[in-house]
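The values are calculated or read from the model by the stated rules, or taken from the named source; none is laboratory data. All values derive from a computational prediction rather than experimental measurement. Because the Cβ atoms are built from the backbone with ideal geometry, glycine has one as well, and the counts that use them run over all protein chains shown. Note: areas computed on protein heavy atoms with side chains; ligands, DNA, RNA excluded. Shrake-Rupley method; radii C 1.70, N 1.55, O 1.52, S 1.80 Å.
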Amino acid sequence: MSNEAILHQHETGTHDVGHAHEHHHHETFITKYVFSQDHKMIAKQFLITGIVWAIIGGLFSVLFRLQLGYPESTFPWLEDFLGHWAKGGKLDPQFYYALVTMHGTVLVFFVLTAGLSGTFSNFLIPLQVGARDMASPFLNMLSYWFFFAASVVMFASLFVQTGPASGGWTIYPPLSALGEASEGSKIGMDLWLISMSLFIINALLGGLNYITTILNLRTKGMSMTRMPLTMWAFFFTAVLGVLSFPVLLSGCILLLFDRNLGTSFYLSDIVINGKILPNEGGSPILFQHLFWFLGHPEVYIIVLPAMGITSEVMSINSRKPIFGYMAMVGSLFAIASLSFMVWAHHMFVTGLNPFLGSFFVLLTLLIAVPSAIKVFNWLTTLWRGNIRFTPGMLFAIGFVSMFISGGLTGIFIGNSALDIHLHDTYFIIAHFHIVMGVAGFFGMFAGLYHWFPKMYGRYMNNTLAYIHFWVTMIGAYLIFWPMHYEGLAGMPRRYYDFSNWESFKMFAGLNQFISFVSIIVFAAQLLFVFNFFYSIFKGRKVTTLNPWGACSLEWSTPIRPGHGNWPGEIPEVHRWAYDYGKDGRDFIPQTEPVGEHESKH
Amino acid sequence: MELVMTEQRKKMHPHKFILWIAISSITLMFAGLTSAYIIKRNQPNWLEFKLPVIFWYSTATIAISSVTIWLAVRAFRQGEMSKYRKMLVTTFVLGIVFVSLQVTGFIQLWKQGITLTRNVSISFLYPIVGLHAVHVIGGVIALLIMFLKAFSRRQKTYSAVPVEMMSTYWHFVDFIWIYLFIFLLMIR
Ligand code: HEM
Ligand SMILES: [Cu+2]
């Protein structure tokens, strides 16, 4: 079935399939902005919901950093703002855990999964493979509304009397399975599980569409190896999601049974407040297996899109073809496959058989190989390039820097012997914030600054963008680098107050410094948010079709493409997406036929 | 454009493709649950129990319904619309019978004292079989919608795609049940 037919099939009446025209069907406000089936609008919905969540999730971290940095002080204004969660201006310990948990959940799932893949896979896949829309625009719309429903439930959980879930973003049982165990394990935990189940459905519906569109709806001439690397990255991301999220769903369902129906899948031999619980025969480790079988691929679901965006933005702004295209695709494939075989590296200290553990050490360290290949290729793409330091480009370079730093610490903790010491310390916090958190955000920012002109027909303000970049880049290192030292010294993660420990007293000043920088970096993100919304309405207008001089297809659409993307026929593709600086020409778009005397790449 | 279309016609319809990926995704959910079951099986105090005979009947029911949906697709392709409708209704009824038999089976188990919280080895039965039943109910609802469409005068569709997708999904839930049934028989 052709692209045209896909777009038309939700309308009644017969359409003759061969014709192609800009669509003039009457759109109301509701069908255009709310229940839209246009992938570009759905992308913006994901993006803006993601931005709202990022502000909320970031604010949580500022609040708990206040506690960690200034454990002796009180902030009376907190009580006005949070009520009984901050009596006397000091965060309640229970609420501290809720903040940490929600910060993790919101940023990992709602911002860096839905906000990142949801935005860019939706926006770019049809535009870059040359399709009028997704394979099923309806399922695509449904996917966003499941995300919206998940958001509503999670948001509501912030306001229940006993507070939201507070057992950490990994919600390990038995803590999460027993309402008696803590305030956050009461209704807040049920809401967390319901919200995440809705979220999983969103991720699955989205993933089905992304995979199918990339495999089935490419325009004429767009062979798989002519696609931009963004497409490959989104493709593998979707495959990871479709295969790993259902396993988390089964884990969550069993947890819901344990919580509400009295089963003991994860519970055995438990005593709470001197009372012996009847549960017997279950195993909390089972949950960890189910969780990390998703959890590890999940971290790559976050970082692969950022890698794809980086490759694309970097090549365009170096005015050079991406170095080692096939090696890039191959290493994406290797990372995606390996990511299913390493989950137990999160469980080295659970009493895992050391013999089994050594296999997981080996497989984990193997991931360093494709990762290194990618880093090498990015650096060689930059090498002797004609670099344009646009904001998007700066964030792409920043991504590579973060990925190198965080990847190196991964090699430390990938060794089970070292991990016994470093597990659950600030070293882990530093590792994954740099390699996933900051790097994921950098990929997202690179993409936003780069594709904003295509999304809204305007540019973002460059001065604000440069301030945003430098504050974030320097700030991120200042925040997370010192945490490595704290972790090496054994400072555990998730503690409320370190001032009681003689051995961690020396970090009081450092913790204060980290908190101080976090607040500045948070403020810089608000600058970005301001820039984003201001530019939607007031930014400088885009006047040329292809402002960055890029080869890929999305820049052959009108400045503000309608539903259906191309007013006429979908262009045919004749070459790969990276013909930059070829035969004395700055760039050759994918739509241009190969000339007679053209050199091979 | 013409060229593109002929080129694309050879490929699988994108909606069918979506269904196949969804199927692999659902399969992984059951794989997750059954492998959790295997891990538990190797731990002490495992409780042995017998599956009620009624599950044999439900297995036969769903197997037959796979045949009827296959006949429905064949009739549709040959344009025998009245036979198509008959087969669709039969499948629909068999689907409901299947779910009812499953529920009856569990009521029997419950009465024998094999309740949800008795022992972990038994607890597993409920979410696994329950989730499968949910997928069958989803299929039954889809059948109902197709059935209403087949009778409505307004909508004249000649595309076999929805019917074929329906049958693929139905064979899939059938297949999953047979897998689960054998799994439960072997491992219990
Ligand atoms: C060379 C590559 C990498 C290696 C060898 C590696 C190894 C590890 C190991 C062994 C742990 C468990 C530490 C512990 O809990 O004791 C871990 C944690 C983690 N890693 Fe990595 N990692 C690598 C790259 C990445 C990447 C690319 C990401 C994300 C995009 C990532 C995200 C995470 C996260 C989120 C956690 C912590 C989860 C938690 O406990 O809350 N890692 N890593
Ligand atoms: Cu991992």
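Observations on the model:
- The set of residues from the range A:357-398 being open to solvent by less than 70 Å² (accessible area, probe 1.4 Å), away from ligand 2 (no atom under 16 Å from the Cβ) and part of a loop (DSSP other than H, G, I, E, B) comprises A:Gly385, A:Ile387, A:Thr390.
- Of residues in the range A:336-356 being touching a Leu at 6+ places or on another chain (Cβ under 7 Å) and part of a helix (DSSP H, G or I), the one farthest from ligand 2 (Cβ to nearest atom): A:Ala336
- Listed by first and then second residue, the pairs with beta-carbon distance under 7 Å, at least 6 apart or on different chains, first residue in the range A:298-309 and open to solvent by 10 Å² or more (accessible area, probe 1.4 Å), second more than 12 Å from ligand 2 (Cβ to nearest atom), are A:Tyr300/A:Leu240; A:Tyr300/A:Ala336.
- Count of the range A:335-351 residues which are away from ligand 1 (no atom under 12 Å from the Cβ) and without any contact (Cβ under 8 Å) to a residue 40 or more places away in the chain: 2
- Among residues of the range A:144-158 that are over 9 Å from A:Leu198 (Cβ atoms), those with a beta-carbon under 6 Å from a residue that is among the hydrophobic types (A, V, I, L, M, F, W, C) at least six positions away or on a different chain give the pairs A:Tyr144/A:Ile42; A:Ser157/A:Leu191.
- Scan of the range A:346-374 for residues that are among the hydroxyl-bearing types (Ser, Thr, Tyr), within 27 Å of the chain's Cα centre (by Cα) and within 14 Å of A:Asn415 (Cβ to Cβ), ordered by number: A:Thr364
Condition check ((1) open to solvent by less than 20 Å² (accessible area, probe 1.4 Å); (2) of a type in the set (Asp, Glu)) across all residues:
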| site | (1), (2) |
| --- | --- |
| A:Met444 | yes, no |
| A:Tyr466 | no, no |
| A:Phe469 | yes, no |
| A:Trp481 | no, no |
| A:Glu486 | yes, yes |
| A:Arg494 | no, no |
| A:Trp501 | no, no |
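- Some residue of the range A:271-288 being within 14 Å of another protein chain (Cβ to nearest Cβ), within 15 Å of ligand 1 (Cβ to nearest atom), modelled with pLDDT of 85 or more and open to solvent by less than 30 Å² (accessible area, probe 1.4 Å): yes
- In the range A:419-431, the residues that are open to solvent by less than 10 Å² (accessible area, probe 1.4 Å) form Cβ pairs under 9 Å with partners that are β-branched (Val, Ile, Thr) and within 6 Å of ligand 1 (Cβ to nearest atom), at six or more places apart or across chains, as follows: A:Asp419/A:Ile413; A:Asp419/A:Ile428; A:Leu422/A:Ile413; A:Leu422/A:Ile428; A:Phe427/A:Ile413.
- Selection status of A:Lys320, open to solvent by 30 Å² or more (accessible area, probe 1.4 Å), in contact with a Gly (Cβ under 6 Å, 6 or more places away or on another chain), of a type outside the set (Phe, Trp, Tyr) and more than 12 Å from ligand 2 (Cβ to nearest atom): yes
- Being away from ligand 1 (no atom under 15 Å from the Cβ), farther than 30 Å from A:Trp548 by Cβ and open to solvent by less than 20 Å² (accessible area, probe 1.4 Å) is a property that does not hold for A:Leu294.
- Matching residues in the range A:554-587 - criterion: being more than 14 Å from chain B (Cβ to nearest Cβ) and among the aliphatic types (A, V, I, L, M): A:Ile559, A:Ala577
- Qualifying residues in the range A:170-203 (those that are free of Cβ contacts under 8 Å to residues at least 60 places away in the same chain and either within 14 Å of chain B (Cβ to nearest Cβ) or outside any helix (DSSP H, G or I) (or both)) - the one nearest to ligand 1 (Cβ to nearest atom): A:Ile200
- Every residue from the range B:21-33 that is more than 14 Å from the chain's Cα centre (by Cα) and more than 7 Å from chain A (Cβ to nearest Cβ): B:Ala31
- Breaking point among (1) crowded, with 20+ Cβ neighbours inside 10 Å; (2) among the aromatic types (Phe, Trp, Tyr); (3) within 19 Å of A:Leu261 (Cβ to Cβ), for B:Tyr126: (1)
- Evaluation of A:Asn565 against (1) crowded, with 16+ Cβ neighbours inside 10 Å; (2) in contact with a Lys or Arg (Cβ under 7 Å, 6 or more places away or on another chain); (3) at negative phi (one fails), failing number: (3)
- Hey, A:Ile411 near ligand 1 (Cβ under 9 Å from one of its atoms) and open to solvent by less than 20 Å² (accessible area, probe 1.4 Å) or not: no
- Here B:Lys111 qualifies as of a type in the set (D, E, K, R) and either closer than 29 Å to B:Ile187 by Cα or open to solvent by less than 40 Å² (accessible area, probe 1.4 Å) (or both).
- Residues satisfying the stated conditions in the range A:192-233, i.e. closer than 30 Å to A:Trp85 by Cβ and open to solvent by 30 Å² or more (accessible area, probe 1.4 Å): A:Ile194, A:Leu198
- Any hit, the range A:169-182, residues being of a type in the set (D, E, K, R), surrounded by fewer than 19 Cβ atoms within 10 Å (Cβ to Cβ) and over 27 Å from A:Ile125 (Cα atoms): yes
- The residues of the range B:37-56 that are more than 14 Å from chain A (Cβ to nearest Cβ), assigned to a helix (DSSP H, G or I) and exposed (fewer than 15 other Cβ atoms within 10 Å of the Cβ) amount to a single one, B:Trp56.
- Applying the set (1) at pLDDT below 95; (2) within 14 Å of chain B (Cβ to nearest Cβ); (3) touching a Phe, Trp or Tyr at 6+ places or on another chain (Cβ under 9 Å) to A:Ser136 leaves exactly one unmet item: (3).
- Test for B:Leu148: is it open to solvent by 70 Å² or more (accessible area, probe 1.4 Å), away from every other protein chain (no Cβ under 12 Å) and not hydroxyl-bearing (Ser, Thr, Tyr): yes
- A:Phe412 part of a helix (DSSP H, G or I), without any contact (Cβ under 8 Å) to a residue 60 or more places away in the chain and of a type in the set (Phe, Trp, Tyr): yes
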